[in-house]
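Trainee: Quick one: structure below, then a few questions.
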Amino acid sequence: MKKLLLFLLVAVAFTACKKGSDVAPQPAGALADKFAGSYKLSSFRYTDSQTNLDLPTLPTTSNGKTVSGTVTLTKVSDTKVNMKLLLKTTGLDDYNQDFGDLDIKQEGTEYGLFSGTTRIADAEGTTVIFNYSETDQATSETTTMAFVAKR
């Protein structure tokens, strides 16, 4: 009987010790690979003193013109991507914006895209959320661009 109790105690101890499910850290080379790719714009907003363009849903069609766009993140190094925005409107020239090379940094459980020390976008595996405002010191004019893009 003592042997049976000892066996049960040992068995319970082993079954109670669940194997850890800790996630191993990703190798640095995989970080840029995780976010590189093409994303379709699902919303876009741009405002300055002369323009107030708010497109909460993309693609959208109005007055016979369709507006759509893409964001492309291209791997530059293990921790950097180049971000480009392409906005298309039927019958008009395409709008291209190259945001240059951005650092990917993890802050807690989130990843951000940084230009220098300024966080200009959040990145998830399937979504890029960009929201940036800048005020011209000479004119006090504020320019804001914001968009959400999904794979």
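The values are calculated or read from the model by the stated rules, or taken from the named source; none is laboratory data. On a predicted model such as this, the values are computed, not experimentally measured, just so you know. Here Cβ is always computed from backbone atoms with ideal geometry, including for glycine, and neighbour counts include all displayed protein chains. Protein only, heavy atoms only, side chains kept; ligands, DNA and RNA dropped before computing areas. Shrake-Rupley method; radii C 1.70, N 1.55, O 1.52, S 1.80 Å.
Trainee: Would a scan of segment 74-84 turn up a residue that is at positive phi and touching a residue at least 24 places away in the same chain (Cβ under 8 Å)?
Mentor: We begin by selecting, within segment 74-84, every residue at positive phi; these are none.
No: zero hits.
Trainee: In this structure, is VAL76 over 29 Å from THR139 (Cα atoms), touching a Pro at 6+ places or on another chain (Cβ under 7 Å) and not charged (D, E, K, R)? Show your work before the answer.
Mentor: Values: over 29 Å from THR139 (Cα atoms): yes; touching a Pro at 6+ places or on another chain (Cβ under 7 Å): no; not charged (D, E, K, R): yes.
Taking the combined requirement at face value, the residue does not satisfy it.
Trainee: Sticking with this one: Give segment 76-109 a look and list any residue that's hydroxyl-bearing (Ser, Thr, Tyr) and open to solvent by 60 Å² or more (accessible area, probe 1.4 Å), or say none.
Mentor: Applying the first criterion (hydroxyl-bearing (Ser, Thr, Tyr)) to segment 76-109 yields 77, 79, 89-90, 95, 109.
Hits for segment 76-109 are THR90, TYR95, THR109.
Trainee: Quick one: count up the residues across segment 33-75 that are more than 16 Å from the chain's Cα centre (by Cα) and either assigned to a strand (DSSP E or B) or surrounded by 13 or more Cβ atoms within 10 Å (Cβ to Cβ) (or both).
Mentor: Filtering segment 33-75 down to residues more than 16 Å from the chain's Cα centre (by Cα) leaves 45-68.
From the residues that got through so far, the ones that are either assigned to a strand (DSSP E or B) or surrounded by 13 or more Cβ atoms within 10 Å (Cβ to Cβ) (or both) too are 45-48, 52-55, 58-62, 65-68.
Counting residues in segment 33-75 that are more than 16 Å from the chain's Cα centre (by Cα) and either assigned to a strand (DSSP E or B) or surrounded by 13 or more Cβ atoms within 10 Å (Cβ to Cβ) (or both) gives 17.
Trainee: Considering only segment 134-143, I want to know if a residue exists there that is assigned to a strand (DSSP E or B) and over 16 Å from ARG45 (Cβ atoms).
Mentor: Yes, segment 134-143 contains a residue that is assigned to a strand (DSSP E or B) and over 16 Å from ARG45 (Cβ atoms).
Trainee: Out of all the residues in segment 19-32, is one or more within 28 Å of the chain's Cα centre (by Cα) and modelled with pLDDT of 85 or more? Step through it out loud before you land on a result.
Mentor: The first filter runs over segment 19-32 and keeps only residues within 28 Å of the chain's Cα centre (by Cα), leaving 21-32.
Add one more test, that the residue is modelled with pLDDT of 85 or more, and what stays is 31-32.
Yes; the residues of segment 19-32 include at least one that is within 28 Å of the chain's Cα centre (by Cα) and modelled with pLDDT of 85 or more.
Trainee: From the set of residues in segment 110-133 that are in a loop (DSSP other than H, G, I, E, B) and open to solvent by less than 70 Å² (accessible area, probe 1.4 Å), which is farthest from THR57 (Cα to Cα)? Reasoning before the result, please.
Mentor: Step one: of segment 110-133, the residues in a loop (DSSP other than H, G, I, E, B) are 116-117, 124-126.
Keeping just the survivors that are open to solvent by less than 70 Å² (accessible area, probe 1.4 Å) gives 116, 125.
Values: GLY116: 30, GLY125: 21 Å.
Filtering segment 110-133 for residues that are in a loop (DSSP other than H, G, I, E, B) and open to solvent by less than 70 Å² (accessible area, probe 1.4 Å), the one farthest from THR57 (Cα to Cα) comes out as GLY116.
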